Structures are given as structure tokens and as C-alpha cells.
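This report refers to the structure that appears directly beneath it.
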């Protein structure tokens, strides 16, 4: 039995059972689909900026030293995507 701060009592076994039912009904996580989405996102950045990350850095400069918040934000996301694809989590 678990009692919340507002006094409501809940049986923990019921919470666990609800969680297990919900988890079983969710589709299995597919790493292949995740990678496809990451690669699509990578290609969209390359298309948006007209080159690879390294090429764009040499053209637009260091995203951490710029006043262009869009480039800075996109570069952060781009780096994250490249790390995820490379398995550097």
C-alpha cells in the first residue's frame, strides 16, 4: 500500500500490473526504424545547409561562437544526430 501526500491510497501491485499491461501493448522499439529517422534528419541538415557538417563549419564558422541562434541550434542537433548514428551515446 502506498499513500500519497494528499492521502490517497494505492496498491502498488495494481500500479505494476497496469504498467506491465501498458508496456506489453506498446509496439516493440525498432532500432532499424530509429536509425532510418536519424539518417533522414542528417540528410535534411545537409540539404538545408548545402554540404556535410564539416563543410558547413568551414563556410559558416564555429556554431558556438556565432550570434546566429538558428545555426547554433541546428549545429547542436546535427552533432547529436551524428553521435547517435556513430553509436557514441
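Coordinate-derived values only; no laboratory data. Model, not experiment: these values are computed from the prediction. Positions of Cβ are backbone-derived with ideal geometry, glycine not excepted, and every protein chain shown enters the neighbour counts.
Numbers at a glance
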quantity	calculated
Principal axes of the chain: Cα extent on each, largest first, Å	61, 32, 21
Order by protection proxy (mean Cβ within 10 Å, highest first), peptides 30-42, 11-23	30-42, 11-23
Potential lengthening between residue 4 and residue 70 on full extension [0.36 nm per residue; Cα-Cα distance subtracted]	19.4 nm
Structure-based [θ]222 nm, the chain - -39500 (n - 2.57) summed over DSSP H runs of at least 4, per residue, nearest 500	-21500 deg cm²/dmol
